Amino acid sequence: TRHASEVQEKRICSKLGGHRTPNSGAGYFKKGDIQIPDVGLLVECKTCMTPKNSFSIKKEWVDKNKQELFASGLSNSVVAFNFDYEDKNDYYVIDDKLMKYLIEKLREENK
């Protein structure tokens, strides 16, 4: 599973301009899988070892990421997932606050 996680984390870091957290955030100070400090974002990554047609998001992942967010001093959290770690498509679970911000920015761009 470490290989699949590493592939996904590196890909997301490249896409979003983040930094992988050593040992996937298992240390005392840096939490989450990826941190993007300049935008206050903490990313928790979840992937499948083999291709799947569905993927269940667990509430405990979202809750844990929010707890680690506070400990990291960041302001936004995301759970990233995909249906196959080798596929280049990743999907993100975000909260209301971040979704509202995204809608606001999209509206600004479409004026």
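Please tell me the relative contact order of the chain in percent, rounded to the nearest whole number, where contacts are Cα pairs under 8 Å and at least six residues apart. Intermediate results must be reported in sequence, preceding the final value.
Values: 166 pairs, mean separation 26.4, N = 111.
It comes to 24 percent, rounded to a whole number.
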FRET efficiency estimate (nearest 0.05) - Cβ-Cβ, H19 to Y91, R0 25 angstrom: 0.75
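Apply the Kirkwood formula to the chain: the hydrodynamic radius equals the inverse of the mean of 1/r over all pairs of different alpha-carbon atoms; give it in Å with one decimal. Present the calculation step by step, with values, prior to reporting the outcome.
On the way: mean 1/r = 0.0690 Å⁻¹.
14.5 Å is the Kirkwood radius here.
Report for the chain the percent antiparallel among DSSP-assigned beta bridges with both residues inside it, nearest 5.
Numbers: 8 of 14 bridges.
Once the DSSP bridges in the chain are tallied, antiparallel ones form about 55 percent.
If you roll a 1.4 angstrom probe over the protein chains with everything in place, what fraction of the accessible area of the chain belongs to carbon and sulfur, to the nearest %?
Numbers: 3990 of 7510 Å².
Whole-percent figure for carbon plus sulfur exposure: 53.
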Chain lengthening between S75 and S56 when straightened (0.36 nm per residue, less Cα-Cα): 4.4 nm
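The values are calculated or read from the model by the stated rules, or taken from the named source; none is laboratory data. Owing to the predicted nature of the structure, the values given are computational and were not obtained by experimental measurement. Note: ideal-geometry Cβ built from the backbone for every residue, glycine included; neighbour counts use all protein chains shown. Quick note on the areas: whole protein, heavy atoms, side chains included, nothing else; ligands and nucleic acids left out. Shrake-Rupley method; radii C 1.70, N 1.55, O 1.52, S 1.80 Å.
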